[in-house]
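Report on one structure; see the data block that follows.
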Amino acid sequence: MRTKVAIIGAGPAGLMLGHLLGREGIDSLILERQSPGYVLQRIRAGVLEQGTVDLLRDSGAGARMLAEGLPHTGIELSFDGDTHRIDLAALTGRSVMVYGQTEVTRDLMALRAQSGAATVYEAADVALHDVGGAPRVTYVKDGRTHELACDFIAGCDGFHGVSRASIPPSALTVFERVYPFGWLGVLVDKPPVADELIYAHHARGFALCSMRSATRSRYYLQCRIEESVEAWPDDRFYAELRRRLSPAAAAALQQGVSIEKSVAPLRSVVVEPLRFGRLFLAGDAAHIVPPTGAKGLNLAMSDVRCLFEAFADHYRGNSAAGIDHYSARVLRRIWKAERFSWWMTTLLHAFPESDGFSRRIQRADFDYLVSSQAAQTVLAENYTGLPIEG
Ligand code: FAS
Ligand code: PHB
């Protein structure tokens, strides 16, 4: 078998890249180790920044998002019960869209199936070969080993994928920050606490009130890294959530039986460079952000938009400039998103080892934010998404 671009991973990055390539008439084949159902049952991101909304809409993948998504023009920050709304639209002219990653993935899966482009689910033992020369990918499907020759490989296989692991460690630099806490997340079919998201700092820990629709809510509590969901029956979760919210939000909280509950670790990771021969990394295969800034999914989308533009330039015969500059181009934006996600995480979480001075600095950061339109504009610019340069 042969294709132009072999895409490893059918998460949002791989599916969006395949979608963009297909619209350009560039052949691709996606190899995914899980089933479509398994990919869809993973509960992850909930907020799309403006650039992601534009990309989905302009590439013909945004119809259901525009019909069912919830446009949000602001978010609320809460600090030990004091609250302040950040008016994203008034400060930047941009907004965000609440539309779950599961739905984005579902829409992209449907489009790929309609296009007839090849996707191999439950592909086992995916292995990359000769990525510096004539790249090949082998995999096992239905007990048989298959070989795929290609021009390029796009590693869109997430943080634990095979693509980054196929690059000699000496050729990579990994930058990492592991946070001393995780997030305990709950999904529940009850109306959200408020019309917009609430990011709450409390001495007991961070809390986030988000949503998936007007009838389905998503809540998070900062928790110990080693926390187990079994230790958090619903009653305990809601009681703790109420303690961390402002009185008004706590009073509005509607308790319900959780339909999903999971613990996620928080870390910042960036890999450099993002190209090795004819292998290119994008999305979580290239970087991880703490979800506090709602950047993970959105960064994956901007990565693959740039990678698509690079491949399109190559196949149009125009130039190799896009391919040669891909890594440097996306890393500039990745590091800005890492900075913002780190800053939001540092502002809003209770750090177990922090001293009185650090806690006063957090409070001063919040007080300055509330008092300064300039500071709020910086937050709003980053939250709604920085422009893609070049
Ligand atoms: P993904 O990990 O989504 O997809 C990679 C795909 O590659 C997977 O389907 C995997 O099965 C496949 N794969 C892996 N190894 C393979 C192999 N060897 N062969 C073939 N296929 C292979 N981001 C936010 O913005 N907001 C959030 O609230 C948020 N919450 C998150 C919660 C959790 C628990 C996690 C893990 C992440 C969260 N994220 C969040 C980040 C998340 O949304 C990612 O940024 C997003 O999934 C990135 O998409 P991809 O790069 O496509 O990677
Ligand atoms: C979510 O709805 O899952 C969500 C929203 C915003 C974040 C993180 C997670 O910053």
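The values are calculated or read from the model by the stated rules, or taken from the named source; none is laboratory data. Everything numeric in this text was worked out from a predicted model, so none of it was measured. FYI the Cβ positions are ideal-geometry reconstructions off the backbone, even for glycines, and counts take in every protein chain you see. The area values use the complete protein model at the heavy-atom level, side chains included, leaving out ligands, DNA and RNA. Shrake-Rupley method; radii C 1.70, N 1.55, O 1.52, S 1.80 Å.
Is at least one residue of the range 302-312 open to solvent by 10 Å² or more (accessible area, probe 1.4 Å) and either without any contact (Cβ under 8 Å) to a residue 40 or more places away in the chain or closer than 22 Å to LEU91 by Cα (or both)? Yes, there is a match, as at least one residue in the range 302-312 is open to solvent by 10 Å² or more (accessible area, probe 1.4 Å) and either without any contact (Cβ under 8 Å) to a residue 40 or more places away in the chain or closer than 22 Å to LEU91 by Cα (or both).
For ARG94, the conditions (1) within 16 Å of ligand 1 (Cβ to nearest atom); (2) surrounded by fewer than 20 Cβ atoms within 10 Å (Cβ to Cβ); (3) among the basic types (Lys, Arg) all hold with the exception of (1). Filtering the range 188-209 to residues that are open to solvent by 10 Å² or more (accessible area, probe 1.4 Å), in contact with a Lys or Arg (Cβ under 7 Å, 6 or more places away or on another chain) and closer than 28 Å to MET97 by Cβ leaves ASP189, HIS202. Among the numbered criteria (1) surrounded by 15 or more Cβ atoms within 10 Å (Cβ to Cβ); (2) hydroxyl-bearing (Ser, Thr, Tyr); (3) in contact with an Asp or Glu (Cβ under 6 Å, 6 or more places away or on another chain), which one does SER319 miss? Tallying (1) surrounded by 15 or more Cβ atoms within 10 Å (Cβ to Cβ); (2) hydroxyl-bearing (Ser, Thr, Tyr); (3) in contact with an Asp or Glu (Cβ under 6 Å, 6 or more places away or on another chain), SER319 fails exactly one: (1). In the range 258-290, of all residues being hydrophobic (A, V, I, L, M, F, W, C), within 16 Å of ligand 2 (Cβ to nearest atom) and closer than 30 Å to VAL5 by Cα, the one that is surrounded by the most Cβ atoms within 10 Å (Cβ to Cβ) corresponds to VAL289.
Does the range 40-61 hold any residues that are assigned to a loop (DSSP other than H, G, I, E, B), without any contact (Cβ under 8 Å) to a residue 60 or more places away in the chain and either near ligand 1 (Cβ under 9 Å from one of its atoms) or within 13 Å of MET301 (Cα to Cα) (or both), and which are they? Within the range 40-61, SER59, ALA61 meet the criteria.
Just one of the numbered conditions (1) away from ligand 2 (no atom under 16 Å from the Cβ); (2) in contact with a Phe, Trp or Tyr (Cβ under 7 Å, 6 or more places away or on another chain) is not true of ARG332: (2). Scanning the range 210-257 for residues that are within 19 Å of GLY100 (Cβ to Cβ) and aromatic (Phe, Trp, Tyr), we see that the one that is least open to solvent (accessible area, probe 1.4 Å) is TYR219. Filtering GLY37, GLY22 for residues that are touching a residue at least 40 places away in the same chain (Cβ under 8 Å), part of a helix (DSSP H, G or I) and farther than 17 Å from ALA300 by Cα leaves a single hit, GLY22. Annotation note: Cβ proximity below 7 Å between a residue of the range 281-298 that is of a type in the set (Ser, Thr, Tyr) and a residue that is open to solvent by less than 10 Å² (accessible area, probe 1.4 Å) (sequence gap 6+ or interchain) occurs for THR292/SER341; THR292/MET344; THR292/THR345; THR292/LEU348. Exactly one residue out of GLY390, GLY317 is within 23 Å of ARG278 (Cα to Cα), touching a Lys or Arg at 6+ places or on another chain (Cβ under 7 Å), in a loop (DSSP other than H, G, I, E, B) and not aromatic (Phe, Trp, Tyr): that is GLY390.
Residues that are small (Gly, Ala, Ser) and in contact with a Gly (Cβ under 9 Å, 6 or more places away or on another chain) were ranked within the range 145-166; the one that is most open to solvent (accessible area, probe 1.4 Å) is SER166.
State which residue is surrounded by the fewest Cβ atoms within 10 Å (Cβ to Cβ) when the search covers only the range 15-33 and only residues that are near ligand 1 (Cβ under 10 Å from one of its atoms) and more than 19 Å from the chain's Cα centre (by Cα). If you could, list the steps in order and put the result at the bottom.
At the first step, the residues of the range 15-33 found to be near ligand 1 (Cβ under 10 Å from one of its atoms) are 15-17, 30-33.
With more than 19 Å from the chain's Cα centre (by Cα) added as a condition, the list becomes 30-31, 33.
Details: ILE30: 26, LEU31: 28, ARG33: 20.
In this case the residue turns out to be ARG33.
Residue pairs whose Cβ atoms lie under 6 Å apart, sitting 6 or more positions apart in sequence or on different chains, and linking a residue in the range 255-279 that is at positive phi to a partner that is open to solvent by 50 Å² or more (accessible area, probe 1.4 Å), are GLY277/GLY132.
The number of residues in the range 368-390 being in contact with a strand residue (DSSP E or B) (Cβ under 8 Å, 6 or more places away or on another chain) and more than 13 Å from THR92 (Cβ to Cβ) comes to 2. Would you be able to say whether some residue in the range 75-83 is under 21 Å from the mean Cα position of the chain (by Cα), modelled with pLDDT of 95 or more and outside any strand (DSSP E or B)? Within the range 75-83 (the criterion being under 21 Å from the mean Cα position of the chain (by Cα), modelled with pLDDT of 95 or more and outside any strand (DSSP E or B)), the answer is no, since none of the residues qualifies. Looking only at the range 167-187, residues that are closer than 18 Å to VAL263 by Cα, within 16 Å of ligand 1 (Cβ to nearest atom) and open to solvent by less than 70 Å² (accessible area, probe 1.4 Å) come to 8 in all. Mind listing just one residue for me: the one in the range 104-121 that is open to solvent by less than 50 Å² (accessible area, probe 1.4 Å) and among the charged types (D, E, K, R) and, of those, farthest from ligand 2 (Cβ to nearest atom)? For the range 104-121, the residue satisfying everything is ARG112.
Reported count of residues in the range 122-132, each being surrounded by fewer than 17 Cβ atoms within 10 Å (Cβ to Cβ) and over 17 Å from LEU40 (Cα atoms), is 6.
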